[in-house]
Amino acid sequence: MSTRESGPLGKPALLVIDVQGDIKTPRYDPARHFPMLQFHEYMQRIPPLITVARASGIPIIFLQEVHHPSLIDFGRELDGFERIHCIEDSPGNAIAPEMGRRPEDFYIRKRRYSAFFGTELDIYLKGLGARSVLLVGGFTDVCVHYTFADAHQRGLVCRVVKDCVAGSSREAHDAALQAMESLQPGSICGRDELICELAGQQ
Amino acid sequence: MNPPVVCKPARAIIEGNPALLVFKGAAEYPEFSALLGAVREQGAPVIFAEAAQRRLAEGLAAARPGEHWIDLPRLSAFLGTALSLLLRQRNVQTLLVAGGRTNVEVHYSFVDAHQNDFFCRVAEDCMAAEPPALQEGALKAMEYLQTGARQTAAALVRALKADRAHRPNP
């Protein structure tokens, strides 16, 4: 663990954002053009990265968006394109079993898009001494992008794994990747490239 | 198992009470002065957000007594500032935004306004992205969050005037 701090990522934490429900079945809805066509394929690329991160001693933090069945905690979230989603404790909202979450992993429920908004993430990252965050999950253009923006504004080094995130549409996914790269140049990487980097840092 | 069916309410451009958040460079757009005038005419709060150093260098000429200045230590006008408190104290529900970089200060302030339960509308003809290629993506992302997010300054002025006509005298 100690040598890791000398690499460009310092001490990273892996944030697995909103990988919920069935990730094996395509869920593309042509009527709404939502989410992007390859959503399930991109999500299925995450578990090998989690395995490598675990082996490298990188803490894994699972983020799960939840909303109360009474809908009182949606705020403005139903005033745009999104419909009712992520009702807490509903079977379709469980973290995908393929992610292999373990009891020792960190687990945070959130009621907004950013993983920092109204959650204990700041406290966990501080306690872990994390100076960088690796982001995977969905949607690229919503929860990932806005978690990235908050991490960036807190001075954390960010990496978005471009083939382990998927968006509300292909166009929005691409635009969000561009926006994040513009905010923090060098922050977009591929999964296998990141795996090599993590192995090299060890 | 299915979530309850709820019809989405149609939202007005101005829901409740408005305020105007002004970022750097707004005054360079000719459409901006009418927007600022309409907000002032309604007596709605105006908040100028800028980095403290720039404010000192350029003076406070644009703000009138009773209007607000906030230092912008990061990108979102909500981060490390009193903006959220200020808006609640002034009983604001709809935040109008002009100036700044569409893909940076505007987009991330919009997201924080949204997550803090405010309605948010941007005058897309009073802002520009840096680089310019990111303008459309940022505007579409905001419209994804709140239908009606994208407005022109003229449309906001019309909405403010119509809204004012429906209000009892202050």
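Bear in mind these aren't lab numbers, they're just calculated from the coordinates by the rules spelled out. Just so we're clear, the structure is a prediction, and the values are computed from it rather than from any experiment. Counting neighbours? That spans all protein chains shown, and the Cβs are built from the backbone with ideal geometry, glycine included.
The relative contact order of chain A comes to 27 percent, based on Cα pairs under 8 Å that sit 6 or more residues apart. Each residue in A:60, A:72 was given a count of other beta-carbon atoms within 10 angstrom of its own, and listing them fewest first yields A:72, A:60. Each Lys and Arg Cβ is given +1 and each Asp and Glu Cβ -1; about its Cα centre, chain A then shows a dipole of about 360 debye. By the rule of a C-alpha distance below 26 Å, with chain neighbours fewer than 8 residues away ignored, the lysines paired with residue A:11 are A:110, A:126, A:162.
Ranked by Cβ crowding within 10 angstrom, fewest neighbours first, how are A:85, A:68 ordered?
Values: A:85 17, A:68 12.
By the 10 Å Cβ count, ascending: A:68, A:85.
Computed from point charges on the beta carbon alone (+1 for Lys and Arg, -1 for Asp and Glu), the dipole magnitude for chain B about its Cα centre is near 440 Debye.
The alpha carbon gyration tensor of segment A:13-89 gives principal lengths a ≥ b ≥ c with a/c of 1.5 or higher and a/b no greater than b/c, which makes the shape oblate.
On the principal axes of its alpha carbon atoms, chain A extends 48, 31, 30 Å, with the longest extent given first.
Across chain B, the volume of the C-alpha convex hull divided among the residues equals 138 Å³ per residue.
Computing FRET efficiency as 1/(1 + (r/R0)^6) for residue A:126 and residue A:192, where r is the C-beta to C-beta distance and R0 is 30 Å, gives about 0.45. With a 10 Å cut-off around each Cβ of B:137-146, the average count of Cβ atoms from other chains is 6. What shape does the protein assembly as shown take by its C-alpha gyration tensor, where a ≥ b ≥ c are the square roots of the eigenvalues and a/c under 1.5 counts as rounded, a/b above b/c as prolate, and the rest as oblate? Here the protein assembly as shown falls in the prolate category.
Just counting partner chain Cβ atoms within 10 Å, what average do the residues of peptide A:164-173 show around their Cβ?
Counting Cβ atoms of other protein chains within 10 Å of each residue's Cβ and averaging gives 1.
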